[in-house]
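Worksheet: one structure, shown below.
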Amino acid sequence: MDVIYTIHEGSQKSVGSVLLSGLQHTKRSVATREIQVKPLDPLSQLDILNTQQRLYDLGIFSQVDTAVQDPDGTEQFKNVLVNVNESRRYTFNYGLGIEFQTGQPSVGNNQPQGETGVSPRVSFGVTA
């Protein structure tokens, strides 16, 4: 049995423009230098995935979404959309508690040695 493959190449699509959105505090140049997709370059899924990975690797974005605008359309130039959500700049955490101490048990005796006590516990943390 012989198998014959016939391949019909589609037309090559190119990048029209790259639209970056979602920046709040981060300078546009910081995100732009990590974008691997350039206008007029051939549209490459690998470049789009590398862009997403590089933006995540900066550590300042909690979410990075990339998409091609109208991927099934017939236009030769496609816009690439990059939407980012910045991570929180500061994290605060705190805790309150109380600790009870009943003393140390002694060997062969049911009466604990030492004094009974109560200690408050407070914790506070900030990360930047």
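Quick notes
- Under the shape rule built on the C-alpha gyration tensor, where the axes satisfy a ≥ b ≥ c, region 57-104 is prolate, since a/c reaches at least 1.5 and a/b is greater than b/c.
- Dipole moment magnitude, nearest 20 debye, the chain about Cα centre, only Lys, Arg, Asp, Glu C-beta charged: 620
- Extents of region 1-69, largest first, come to 62, 25, 17 Å (Cα atoms, principal axes, whole angstrom).
- Note on VAL3 and LEU49: with the Förster distance fixed at 35 Å, the Cβ-Cβ geometry gives a FRET efficiency of about 0.60.
- Most positive-pole-ward Cα, GLY125, SER17, THR6, against dipole of the chain from beta carbon charges: GLY125
- In the chain, the sites counted are trypsin sites (Lys or Arg not before Pro) in DSSP loop states with at most 14 other Cβ atoms within 10 Å, and the longest stretch holding none of them, exclusive of the sites, is 34-87.
- Helix 45-57 axis versus longest C-alpha principal axis of the chain: approximately 30°, rounded to the nearest ten.
- Applying a DSSP loop filter and a limit of 16 other Cβ atoms within 10 Å to the chymotrypsin sites (Phe, Trp or Tyr not before Pro) in region 1-99 leaves TYR5, TYR90.
- Per residue, the chain exposes 80 Å² of accessible surface when a 1.4 Å probe is rolled over the protein heavy atoms with every protein chain present.
- Loop-located GluC sites (Glu not before Pro) in region 1-110, at most 10 other Cβ atoms within 10 Å (DSSP): GLU9
- Here the spin labels are modelled as points 7 Å beyond Cα on the Cα-Cβ line, and at TYR94 and THR32 they lie 4.2 nm apart.
- In the assembled protein chains, THR6 presents an accessible area of approximately 100 Å² (probe radius 1.4 Å).
- With the Kirkwood sum run over all distinct C-alpha pairs, the chain has a hydrodynamic radius of 20.1 Å.
The values are calculated or read from the model by the stated rules, or taken from the named source; none is laboratory data. Not measured: the values here are computed from a predicted model. Positions of Cβ are generated from backbone atoms using ideal geometry, with glycine treated the same way; all protein chains shown enter the neighbour counts. Heads up: the accessible areas ignore ligands, DNA and RNA and are worked out on the full protein's heavy atoms, side chains in. Shrake-Rupley method; radii C 1.70, N 1.55, O 1.52, S 1.80 Å.
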